[in-house]
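For reference, the structure is listed below as structure tokens.
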Amino acid sequence: MSSTTGDLAAGHHGHDHGSYLTAKRGLMSWLFTLDHKRIGMMYLGSILTFFLVGGLLALAFRVELATAEPDLFTGSTYNRLFTLHGAIMVFLVLVPSIPASLGNFLLPLMLGAKDVAFPRLNLLSFHIYMLGAAFLVFTLLAGGVETGWTFYTPYSSTTDSAVVSALMGAFILGFSSILTGINFIVTIHKMRAPGLTWLRLPLFVWASYATSLIQVLATPVIAITLFLLVFERTMGIGIFDPALGGDPVLFQHFFWFYSHPVVYVMILPAFGVISETVSIHSRKHIFGYTAIAASSVAIAAIGFLVWGHHMFVSGQSELAGTIFSLITFGVAVPTAIKVFSWVATMYKGSIELNTVMLYTLSFLFIFAIGGLTGLFLATLAVDVHMHDTYFVVAHFHYVMMGGTLMGFIAGIHHWWPKMTGRMFPELPAKIGALLVFVGFNLTFFTQFVAGSRGMPRRYHEYAPEFETWQFLSTVGSFVLAAGLFLTLFYLLWSMKGGAKAPKNPWEAKTLEWETESPPIEHNFAGQVICRTGPYDFDEIDTSRA
Amino acid sequence: MSNGIENESEVAAGHAHGDHPAFLAHHFHDAPQQKSAVKFGMWLFLVQEILFFAGLFMAYFAFRALYPETWLAAHELLDKRMGAFNTVVLLTSSLTMALAVRACQLDDIKGCVRYLWITIGCAFGFMIVKYFEYSHKFHVGTLPGKFYTYEGIEGGAPELFFSVYFMMTGVHGLHVVIGIGIMLWMIMGPLRRGKVSSQYYALVENVGLYWHLVDLIWIFLFPLLYLVR
Amino acid sequence: MTFAAFLPLLAGAKARAGDAIPLTPKWWLPESASTFSHKVDTTFALIYWLDVFFFVLIIGAMAWFTIAYRRRSKDQKTSPVKGNHALEFAWSFIPGLFLLSFFGMGFVTYMDMQVPPADAMDVRVTGQKWNWSFEYPEQGLQLASADGLVVPSNTPVRLTITSVDVLHSFYIPAFRTKKDAVPNRYTSLWFEAKAPGEYQIYCTEYCGDDHSRMTSKVIAMEPAAFREWVAGQKSASASMSPVERGQKLFTAQGCAGCHSIDGSTLIGPSLKGKYGANEQLADGSSVAIDDNYIRESILTPNAKIVAGFAGQMPPYQGRLQDDEISALIDYIKTLK
Amino acid sequence: MSSSHAAAPSHGHGHDHPAGEHISSMGTYLTIFGLLLILTVLTFAVSYAELPGNWSIIAAIGVATVKAVLVAGWFMHLKYDTRFNVLVFLSAFWFMLVFFGFTLTDLTSRGALFQKLDNHTLHAEKGAKYGAPAVLKEGGHGSEGGHGGGH
């Protein structure tokens, strides 16, 4: 129906007809593009590349950990491996993952806008990201760094590895994150199409909005923290160095003031993706739209008040620990609301068990475990036992890797037709999803047990009693890797060999599906007018498909 | 009825904004949308600036709480008069910056440039005073962390006060220098090329906001470092 | 296997006759050996079973919906349910109550774990790369056995913990307790071992190359045996020759972690055959290794750094008595 | 079909009254500048007064806040800007206070439990010259009862 108005209007804009992928050619047309879709795709490529690097590092030390004795690496090498794995995965993969790639690509499309508010700034964010990445790659080549991604002082201020370049990398990446956040907030406020009211925004946009708030408010603090730490190392200013009267626990406050909210930068966009996919592939209106939207913002806001739960045994005062524990339980409520709402959305739906839905269900399964195990860690007495054991490692991998990654892969598949104009092959995709699910749970569930039995994290060699669990975990990591490689291969293959994607393969109602697959250079052939909510499936005219 | 894409010119006609001024970027619908977006973006940038400085203020309050006597003794070594003089210099520069924006609003681009030069002059004045303060500290050895050699302060960790002092004023000074650079660029570039008018002066306005924020931070730095006992 | 972990049935299957009925499947937690560890375990069990309940509820509903409402035809219409305020309120409020009770339980036990009984026996714990050393001020034992932390059972023991270099963390899984060792500060934890035995100590705050080897043991003895041990330690140190005393200090103070006595190079230079020789320093000069040089190297290690090594050793200024340093020097002399 | 969903005539992006259009008079700017100078003199003078307790820092921050309001309100035109931008700007201070509040809660209540319940505990933190081991030695070994027989 309405889409035909678009076709009529397109006649006036002949130059807009080409797909954004082919509108201009040559490497420079990509590296210096102002098109949010191209920038999003470049982010996607870079992030997946670094995900590969970070993943290979993990596989390397997983092999080492298969047995209790140290057999492959020295302690020093092992420490470099897990530090680089953590730093790359956090700063180069998880923080930018969904917002910078899918967010950049989709936000203006979902808003019916031609671009983000500040396209040049957007390009600058990408270049800053690449510069920061270059520093981290340099760190890798300069012998690595072995402080742990948390850079705790005084270890990080006294050790003699390439800490400064790693700090500079993370510092620079922070600005990329801040600028993206500013850009998204302004875009969501100012660039919405006529008729697209706040309560008609897709939940992915709400999630991106909450994410961006955290990026703008929390990232500057890590920037100044890393800045001070660079001076600590180079000039010995002593703010975090007990040898000069400084306070290492203060560093932890600085660090977690950013790094706790930033876990919501990682997971909230995945929540956004799942809100879209669970509704669209069940072809049913999302259950409790307002509650899900509000809980995203609530999680972002409360997320700022709980950082001290990383410090229950750090020498933080008991009073502060108690306050942080109490507020931490407060984050669980909006999170629970989301999970219940997603499941309720499936009730009386029309559920198509395709690859996207498989990843969505995997997300719910894995995130439920990740979220529920968080309750152990929020509880003061139990956390004293669990802190810095494999239980914590398993928990944050369930939330950050399982949660974010399942959401990310679900999103990549869901929007793959829109981004590339091609469908992915369904059978290998389902096999891949199964391998990822089994591999992931085998890798990390075993770590819960090792951890709650008392195995500390960041151990290079360990007591034989943990060997069974660790060995199973290593086996799982290879199954997971096999699933991910399979996924990578068929996705790459489908860019040339996949079937041509229709405009709206999932019969979704959000605005990005109103334009071509892949979209034309300026997104829409005319001015978008929004007249319906994002999940009004009861109005689907199925004859159109 | 469903969502739709409509012919742009029809929508534009309904919107009574037929003209498309040169400063309007293609992805914005009209000038007010662009103006409010740019301004909003700048305020968000200032928010992140404040939180960047928040880390430094946090360090100040933390060590003030841990070493109160040292803090009292150490701040006596700073020259209040120099700090007060610099406060007045920065306040003046803030005034002239506000007047530069006002000149743009009145389409007086020459006036704007004149006020900007005064602002730059004040900024240089500020940095010169800072230079004298810093060189005095280098001379007597009240330097940050491990470079601290002064011996006249009782109490724990006096070097931390000077670490905090140098980091706070240093990062603030860096912002002043960046401000000078941006103002010079503005005078040489957009203002000279006639890109700024009373129709669209968002650039001058945003640089003004940045400069006022630099002033605002000094308004807090001055009493905390120099005056509070 | 993942799902099986949540099957409550396993709990019963694992419980053998005669054991106390485990609140959670046995393989979740290590042995429980302190006076408050069962409280931690009870809180753990409560959260565990509630987690199992909610997990089964959520994933069960998800699986049921996936099967019951699978797409049957291409143009299938769906129910226009958009929300239900009563339900939404219920699933915010009811879990909220559980969460508050978890907080309460955790808090109460945490306070038990934080506040030592007034009559607790004091032990000083010092962490350094990469060992733990223990001193007993009440018993007047400066130099305790390097075997581990020897304590009387059924007696509250309070540890005052610090570190001389980087952060460490003192963790006894069987006692369910843990606390970071922070340089330039004191932190504290306490426990009361319920029975004599050996319990593992780990360092759980990452501290560098040999982080995973920074382990030790709590050796809990009957109080009478502990008193004997103290007496034995005292007479041993009284009757010890300086060389023996130095040898003991060499392990107890952690020297052996970085300096080998067999000529192999660890973090620091080996001390084999060093006394009387010349040492090449990092600044190009060389120095004769005599009593004064060793003394200086112990107290202010970074004053002269041996060529080829990074100055990583913490200063022992204020941590060793003069006679202890002499004993160490005497011991080093014997390392031919 | 569902006409209730028809697009509202106004656009989603609420460019109500473009910010920054207000032109303040020269007099306003000079008045604000004058007030700022007076406040600077005031805070400078107060620093010489021997205020008891925390009043010195309260006075200094109080005056600085008034000055900040003047700069933000008139020089930065926040008084004439949209409410939303005011909210955005103030949110920065809110999150800053969150950061300060929780961290200072920790720093000032460390060892509180310790001291109250157990007064022979060492607490080296406050004011002590750094170098924990030295403190342990002085404050610890000397003052502890039942110790000293070992050597």
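Listing for the model above:
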quantity: Proxy reagent accessibility, fewest Cβ within 10 Å first, across B:76, A:521; calculated: B:76, A:521
quantity: Counting DSSP beta bridges with both ends in chain C, the antiparallel % (nearest 5); calculated: 70
quantity: Cα gyration tensor, segment A:285-339 - rounded (a/c under 1.5), prolate or oblate; calculated: prolate
quantity: Shape category assigned to segment A:386-538 from the gyration tensor of Cα positions, a/c cut at 1.5; calculated: prolate
quantity: The protein assembly as shown - share of DSSP beta bridges that are antiparallel (%, nearest 5); calculated: 75
quantity: Value of D in µm² per second that Stokes-Einstein yields for segment C:88-212, Kirkwood Rh from Cα pairs, at 20 °C (1.002 mPa s); calculated: 132
quantity: Cubic angstrom per residue, convex hull over Cα atoms of segment B:159-228; calculated: 72
quantity: Shape parameters for chain A, alpha-carbon atoms, Rg then Dmax in Å; calculated: 23.0, 74
quantity: Check: chain A dipole with +1 on Lys, Arg Cβ and -1 on Asp, Glu Cβ, in debye; calculated: 1320
quantity: Partners for residue A:496 among aspartates and glutamates (Cα-Cα distance below 19 Å; same-chain residues under 8 apart left out); calculated: A:426, A:516
quantity: Size descriptor, Kirkwood hydrodynamic radius, that averages inverse alpha-carbon separations across segment A:64-205, Å; calculated: 17.1
quantity: Peptide C:61-68 - average C-beta neighbours from other chains (10 Å radius); calculated: 6
quantity: Spin-label model distance (nm) - residue D:79 vs residue C:286, 7 Å beyond Cα toward Cβ; calculated: 8.0
quantity: Relative frequency of Cα-Cα separations exceeding 29 Å in chain B, percent; calculated: 43
quantity: Share of pairwise Cα separations in the protein assembly as shown, more than 50 Å, in percent; calculated: 33
quantity: Equivalent ellipsoid dimensions for segment A:210-309 as semi-axes, Å, which come from the Cα gyration tensor, largest first; calculated: 39, 12, 9
quantity: Calculated FRET value between residue B:118 and residue A:492, using beta carbons and R₀ = 41 Å, to 0.05; calculated: 0.10
quantity: Entries of A:190/D:79; A:284/A:430; A:24/A:503; B:137/D:67 with Cα pairs more than 27 Å apart; calculated: B:137/D:67
quantity: Choice from C:197, C:104, C:127 with maximal GNM fluctuation in chain C (Cα, 10 Å cutoff); calculated: C:104
quantity: Global geometry of segment A:414-488, whether rounded, prolate or oblate, following the gyration tensor of its Cα atoms and the 1.5 cut on a/c; calculated: prolate
quantity: Kirkwood Rh, Cα atoms: Rg over Rh of segment D:22-76; calculated: 1.10
quantity: Reachable aspartates and glutamates from residue B:195, criterion Cα separation under 19 angstrom, eight or more residues apart if same chain; calculated: B:19, B:30, B:107, B:108, B:205, D:21
quantity: Among C:217, C:74, C:304: highest mean-square fluctuation, GNM of chain C, C-alpha pairs under 10 Å; calculated: C:74
quantity: Translational diffusion of segment A:323-440, µm² s⁻¹ [Kirkwood Rh, Cα pairs; Stokes-Einstein; 37 °C; 0.692 mPa s]; calculated: 207
quantity: Convex hull of Cα atoms in segment C:240-333, direction-averaged projection (nm²); calculated: 5.5
quantity: Sorted by Cβ density within 10 Å, fewest first, the residues A:110, C:221; calculated: C:221, A:110
quantity: Cα-projected label distance for residue B:174 with residue C:118, points at 7 Å along beta-carbon direction, nm; calculated: 5.4
quantity: For segment C:88-149, size of Cβ-based charge dipole, Lys and Arg +1, Asp and Glu -1, in debye; calculated: 200
quantity: Bridge type composition, segment C:121-238 - antiparallel percent by DSSP, nearest 5; calculated: 65
quantity: Neighbourhood charge, 14 Å Cβ-Cβ cut-off, centred on residue B:85 and excluding it, Lys, Arg +1 and Asp, Glu -1; calculated: +1
quantity: Label-point separation, residue B:25 to residue D:51 (7 Å along Cα→Cβ), nm; calculated: 4.5
quantity: Residue mean of other protein chain beta carbons inside 10 Å, C:112-121; calculated: 3
quantity: Whole-Å semi-axes of the ellipsoid equivalent to chain C (Cα gyration tensor, √5λ, descending); calculated: 54, 27, 17
quantity: Net charge contributed by nearby residues that have their C-beta within less than 12 Å of residue C:134 (K/R +1, D/E -1); calculated: -1
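Read the figures in this text as sums done on the coordinates, not as results from a lab. None of these values were measured; they are calculated from a predicted model. Cβ atoms come from the backbone with ideal geometry, glycine included; neighbour counts cover every protein chain shown.
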